[in-house]
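Below is one structure, written out as structure tokens, with a few remarks after it.
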Amino acid sequence: MSEIVVKSNYEPSHKAQLFHSSTARVIVLVGGLGSGKSFSVVKELEQSALQWANIPMAVYRKTMPALRDSTMHEFKSHSDPDLGTFKSREDMWEYVNGSFVKFRGLDDPTKAKSTNYALIVMEEAEEFTFEDFQRLNERVRAPGPWPHRIILVLNPVDEDHWIYRQFVDNAKVYQEAGGLLVLHFSTYDNLKNLPPGYVEQASAGKTADEIDRYIHGNWGTIVKGAPVYAGILNPNIHLRRMDRYPGQVLLRGWDFGFNHPACSFRLVDQFGRMNIADCVMGDKIDLQEFVPFIKAHTMTKFPGTLIHDFGDPRGHDKSPNGKETCFQVLESFGISAKGERGSRDYVEEGIRQMKKEFSTLIQAIPQLTIDPSCTLIRTAYFGRYVRGEDGRPVKDGYYEHPADADRYISHHHRHNDAVQAAMLKKKLERQMSGVTTSTGYRRLR
């Protein structure tokens, strides 16, 4: 075959150059509006096709209609017609040297079983599940002289999305298993290819969080709704660590469920101040497995503490299949937890109690604080746990669970005789040792 000569006016941005030169097995391209990430992917496919004759490649979307309506159209509009042709019946672009790009929808990961590729692109990757990624990644193994890569192209997602959890929180695993490259494409990276005033027009009417995400291409949640504790929390005074000592009271709050069971941990000091020191949330795990995990976690992180447990009042209800209640499961592991409704609307009652705790100072420190390392609760309370249009806390399937677990402590603990007795004992010990017993209560204004 004669040599192929290509003339191109393509001038990749700095981010695109890093992308084109990478040999990482997994490449994640996160981009804002008009950032040029999709165009750079088209050029990478073209470059790979010409560098390695007969290389098999594929572009996937979650569904084929979405692929035909957007991704496929964009690919054809940016591809050089002198280098190949599009075969409509096969949904495939074939290059003149035998390389090809197939366009496929993925309604079910099993549809990817029949073909192996050297490179797969997951367009709008945020639409896929982690299971989809795993199945597609297994197909990147076509033998040949080329590198094996899977490229995820996406709009910025929340910190609780599987893409963030896998390639940021769990990045080391992928770095050690073939390499990982994560790039954030900003709209500003592609200014020379955008019409004048594009950024200003795209930013008009957006909040600072929306601009950070859709223009600068950063991770994050666009929060809709007022945070439940808006106007109450101040990071300068509510984010602090608490000293620990033997025999300290530890309060645990339990939110039950299979998808995301959660347990919040509050330490109590000798003045009755509480610190949310930790919060653990499970992912699709039965309570029978979650409870022993929490027990082991408690022994490791909070040894020698006096533990008191509180849970969702609905944990007393029988499950639909007639099995033991959630509180009975706790009891089977030696955990006696308190969980009474107290009122019909115990959610708002708990929130009011927490606002009081956040707003009350005991010797110049809020009665309730949050350890800065407790990212789950910190993220929820400082913006992700919000009220919806109906005025009720939003059931988002994620941040609601740690917030609920922690709220059960406030809802119950003030009326718990065992906790009060432990705190009284510490107060008497302070008196015997000559430590001041003045609490210095006052309300924050």
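A short reminder: the numbers here are calculations on the coordinates, not readings from a lab. On a predicted model such as this, the values are computed, not experimentally measured, just so you know. When we count neighbours, we look across all protein chains shown, and the Cβ atoms used for this are built from the backbone with ideal geometry, even at glycine.
Considering only alpha-carbon pairs that sit under 8 angstrom and 6 or more positions apart, the relative contact order computed for the stretch 14-214 is 34 percent. Here is the list for the stretch 88-183: GluC sites (Glu not before Pro) lying in DSSP coil, each with at most 12 other C-beta atoms within 10 angstrom of its C-beta, are Glu176. Largest GNM mean-square fluctuation among Asn218, Asn236, Asn155, using the chain with Cα springs under 10 Å: Asn236. For the stretch 1-73, the set of trypsin sites (Lys or Arg not before Pro) satisfying both a DSSP loop assignment and a count of at most 10 other C-beta atoms within 10 Å is given as Lys7.
Hydrodynamic analysis of the stretch 27-175 uses the Kirkwood radius over alpha carbon pairs. Inserted into Stokes-Einstein at 10 °C and 1.306 mPa s, it gives a translational diffusion coefficient of 101 µm²/s.
Adding -39500 (n - 2.57) for every DSSP H run of four residues or longer, then dividing by how many residues the chain holds, sets the calculated 222 nm ellipticity at -8500 deg cm²/dmol.
Within the listed set His308, His412, His297, the residue fluctuating most in the Gaussian network model of the chain (springs between alpha-carbon atoms under 10 angstrom) is His297. Could you list log10 I(q)/I(0) for the chain at q = 0.13, 0.14 Å⁻¹, which the Debye formula gives when each Cα is one point scatterer? Debye output, listed in q order: -1.12, -1.22. Annotation for the stretch 253-297: trypsin sites (Lys or Arg not before Pro) lying in DSSP loop with at most 14 further Cβ atoms inside 10 Å of their Cβ are Lys284.
Computed about the Cα centre, the dipole magnitude for the chain is approximately 1380 debye when only Lys and Arg (+1) and Asp and Glu (-1) carry charge, each at its Cβ.
By how many degrees, 0 to 90 and rounded to 10, does the Cα axis of helix 287-301 deviate from the longest principal axis of the chain? Computed tilt is about 70 degrees. Our summary gives the chain a relative contact order of 15 percent, counting only alpha carbon pairs under 8 angstrom and 6 or more residues apart. Here the mean projected area of the convex hull built on the C-alpha positions of the stretch 88-234 is 13.7 nm².
Considering only Leu180, Ser264, Gly225, whose Cα is most displaced toward the positive end of the charge dipole of the chain, charges sitting on Cβ of Lys, Arg (+1) and Asp, Glu (-1)? Farthest towards the positive end: Ser264. This ranking places Asp80, Asp160 by how few other beta-carbon atoms lie within 10 Å of each, fewest first, which gives Asp80, Asp160.
As I understand it, the value is the acute angle between the Cα axis of helix 417-433 and the longest principal axis of the Cα atoms of the chain; what does it come to in degrees, rounded to 10? The two axes meet at around 70 degrees. The angle between the Cα long axis of helix 346-359 and the main principal axis of the chain comes to about 80°, on a 0 to 90 degree scale. Cα-Cα over 25 Å: which of Lys37/Lys62; Lys172/Lys284; Lys224/Lys295; Lys206/Lys356? Table pairs above 25 Å Cα-Cα are Lys224/Lys295; Lys206/Lys356. Our estimate of slack between Glu289 and Val168, defined as 0.36 nm per intervening residue step minus the Cα-Cα distance, is 40.9 nm.
Pairs of Cα atoms in the stretch 244-396 fall into 5 Å distance bins, from 0 up to the last occupied one, in shares of 2, 8, 15, 21, 21, 18, 10, 4, 1, 0, 0 percent.
The value of relative contact order for the stretch 78-186, using C-alpha pairs under 8 Å at least six residues apart, is 18 percent. Fully extending the segment from Arg68 to Glu324, taken as 0.36 nm per residue of separation minus the present Cα-Cα distance, adds 87.1 nm.
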